[in-house]
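Input: a single structure, listed below in structure tokens.
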Amino acid sequence: MGRYIVKRLLLMIPVLIGAAILIFTIMTFTPGDPAELILGTQATQEEIAAYREILGLNDPYVVRLGKFLFNLFIKFDFGNSYLDGVPVIETIISRLPQTMLLGLGSLVITTVVGIPAGVYSAVHQNTVGDRIMLVLSLVFMSMPGFWLALMLILLFSLKLKLLPSFGMVGLKAYILPWLAGSIGGFASMIRQT
């Protein structure tokens with residue numbers, strides 16, 4: 001078992017490197033100049049050229065890719081944000097607690113609802129309850145998560161005014177993201193169970 005886990009972890013390395021190269025390439029050849037976007041429309045061409053030099057955008061693609069991969073995988077330096085100049089790792093760490101809470105809440109709801117509903121469906125096979133579970137799970141698995149999240153916001157925030165549609169203040173703010181993140185998961189878990 002240990003060898004299998006080590007093998008799978010080692011196979012992740014080329015996948016991560018390939019994903020990093022693909023993302024870097026897409027971002028490099030996407031239209032728009034980062035220096036011009038950062039400085040705005042009032043910047044002169046000299047200011048833009050100087051900022052391109054600071055950012056290293058004048059280097060050839062291969063050199064920039066090599067620096068990017070070295071910083072990412074050897075130094076674990078994700079660079080600075082183009083928007084506010086803050087190191088990206090600081091932004092990730094500052095938002096990690098909320099992200100973990102959202103993921104954990106969705107996982108708990110998925111497990112608490114999905115397993116008992118799947119057991120009920122298995123025990124009462126070919127009954128009306130089983131068929132209702134089948135239809136509901138297929139509908140919820142077929143719904144795109146972003147669309148479901150928008151529909152939940154429309155219903156519970158705008159129409160019923162029960163839950164906030166934005167912000168992370170208080171427990172009520174987590175209910176909609178937890179539901180949106182767990183509905184597809186527990187529908188799938190019902191079918192697997």
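The values are calculated or read from the model by the stated rules, or taken from the named source; none is laboratory data. Keep in mind that what you see is a predicted model, and the values were worked out from it rather than measured. Glycine gets a Cβ as well: all are built from the backbone with ideal geometry, and neighbour counts include every protein chain shown. The protein model used for the area step is the full one, side chains on, heavy atoms only, and it has no ligands, DNA or RNA in it. Shrake-Rupley method; radii C 1.70, N 1.55, O 1.52, S 1.80 Å.
Does Ile5 qualify as being out of contact with any strand residue (DSSP E or B) (no Cβ under 7 Å at 6 or more places or on another chain) and closer than 30 Å to Pro177 by Cα?
Values: out of contact with any strand residue (DSSP E or B) (no Cβ under 7 Å at 6 or more places or on another chain): yes; closer than 30 Å to Pro177 by Cα: no.
So Ile5 fails the test.
Quick one: count up the residues across the stretch 79-131 that are of a type outside the set (Ser, Thr, Tyr) and outside any helix (DSSP H, G or I).
Going through the stretch 79-131 one residue at a time, the tally reaches 10.
Within the stretch 114-123, identify whether any single residue is within 16 Å of the chain's Cα centre (by Cα) and surrounded by fewer than 15 Cβ atoms within 10 Å (Cβ to Cβ), and answer yes or no.
First pass over the stretch 114-123, keeping only residues within 16 Å of the chain's Cα centre (by Cα): none.
No, that holds for no residue.
Tyr4 passes all but one of (1) without any contact (Cβ under 8 Å) to a residue 12 or more places away in the chain; (2) closer than 25 Å to Leu83 by Cβ; (3) hydroxyl-bearing (Ser, Thr, Tyr); (4) not in a loop (DSSP other than H, G, I, E, B); which number fails?
All conditions are met except number (2).
Does the stretch 109-143 hold any residues that are of a type in the set (A, V, I, L, M), in contact (Cβ under 8 Å) with a residue 60 or more places away in the chain and closer than 12 Å to Gly181 by Cα, and which are they?
Within the stretch 109-143, Ile109 is the sole residue that qualifies.
I'd like to verify a number: residues in the stretch 147-182 that are among the aromatic types (Phe, Trp, Tyr), under 22 Å from the mean Cα position of the chain (by Cα) and closer than 18 Å to Ile109 by Cβ, how many?
Step one: of the stretch 147-182, the residues among the aromatic types (Phe, Trp, Tyr) are 147, 156, 166, 174, 178.
Still in the list and also under 22 Å from the mean Cα position of the chain (by Cα): 147, 166, 174, 178.
Next, from what is left, pick out any that are closer than 18 Å to Ile109 by Cβ: 174, 178.
Residues in the stretch 147-182 being among the aromatic types (Phe, Trp, Tyr), under 22 Å from the mean Cα position of the chain (by Cα) and closer than 18 Å to Ile109 by Cβ: 2 in total.
Please work out which residue is surrounded by the most Cβ atoms within 10 Å (Cβ to Cβ), limiting yourself to the stretch 14-60 and to residues that are touching a helix residue (DSSP H, G or I) at 6+ places or on another chain (Cβ under 9 Å) and among the β-branched types (Val, Ile, Thr).
For the stretch 14-60, the residue satisfying everything is Ile48.
Suppose we filter Pro87, Pro164 for residues that are free of Cβ contacts under 8 Å to residues at least 24 places away in the same chain, open to solvent by less than 70 Å² (accessible area, probe 1.4 Å) and touching a strand residue (DSSP E or B) at 6+ places or on another chain (Cβ under 7 Å); which single one remains?
On the way: Pro164 fails: touching a strand residue (DSSP E or B) at 6+ places or on another chain (Cβ under 7 Å).
The match here is Pro87.
I'd like the full set of residues that are without any contact (Cβ under 8 Å) to a residue 24 or more places away in the chain and under 19 Å from the mean Cα position of the chain (by Cα), limited to the stretch 17-34. It would help to see each step written out before you state the result.
Initially, the stretch 17-34 is screened for residues without any contact (Cβ under 8 Å) to a residue 24 or more places away in the chain, giving 18-19, 22-23, 26-27, 29-32.
Across the stretch 17-34, the qualifying residues are Gly18, Ala19, Leu22, Ile23, Ile26, Met27.
From the residues in the stretch 61-71 that are open to solvent by less than 60 Å² (accessible area, probe 1.4 Å) and in contact (Cβ under 8 Å) with a residue 12 or more places away in the chain, which one is farthest from Phe29 (Cα to Cα)? Full working, then the answer.
Keep residues of the stretch 61-71 that are open to solvent by less than 60 Å² (accessible area, probe 1.4 Å), which gives 64-66, 69, 71.
Applying the additional criterion that residues be in contact (Cβ under 8 Å) with a residue 12 or more places away in the chain yields 64-65, 69.
Values: Arg64: 13, Leu65: 12, Leu69: 17 Å.
Among those that are open to solvent by less than 60 Å² (accessible area, probe 1.4 Å) and in contact (Cβ under 8 Å) with a residue 12 or more places away in the chain, it is Leu69.
Restricting the search to the stretch 140-150, which residues are in a helix (DSSP H, G or I), of a type outside the set (Gly, Ala, Ser) and exposed (fewer than 12 other Cβ atoms within 10 Å of the Cβ)?
Initial filter on the stretch 140-150 (in a helix (DSSP H, G or I)): 140-142, 145-150.
Those still in the list that are of a type outside the set (Gly, Ala, Ser) too: 140-141, 146-148, 150.
Correct list: Phe146, Trp147.
I'd like to verify a number: residues in the stretch 169-187 that are without any contact (Cβ under 8 Å) to a residue 24 or more places away in the chain, assigned to a helix (DSSP H, G or I) and either open to solvent by 50 Å² or more (accessible area, probe 1.4 Å) or in contact with a strand residue (DSSP E or B) (Cβ under 7 Å, 6 or more places away or on another chain) (or both), how many?
Keep residues of the stretch 169-187 that are without any contact (Cβ under 8 Å) to a residue 24 or more places away in the chain, which gives 169-173, 175.
Subset that is assigned to a helix (DSSP H, G or I): 172-173, 175.
Subsequent filtering for residues that are either open to solvent by 50 Å² or more (accessible area, probe 1.4 Å) or in contact with a strand residue (DSSP E or B) (Cβ under 7 Å, 6 or more places away or on another chain) (or both) retains 172, 175.
Residues that pass the stated criteria total 2.
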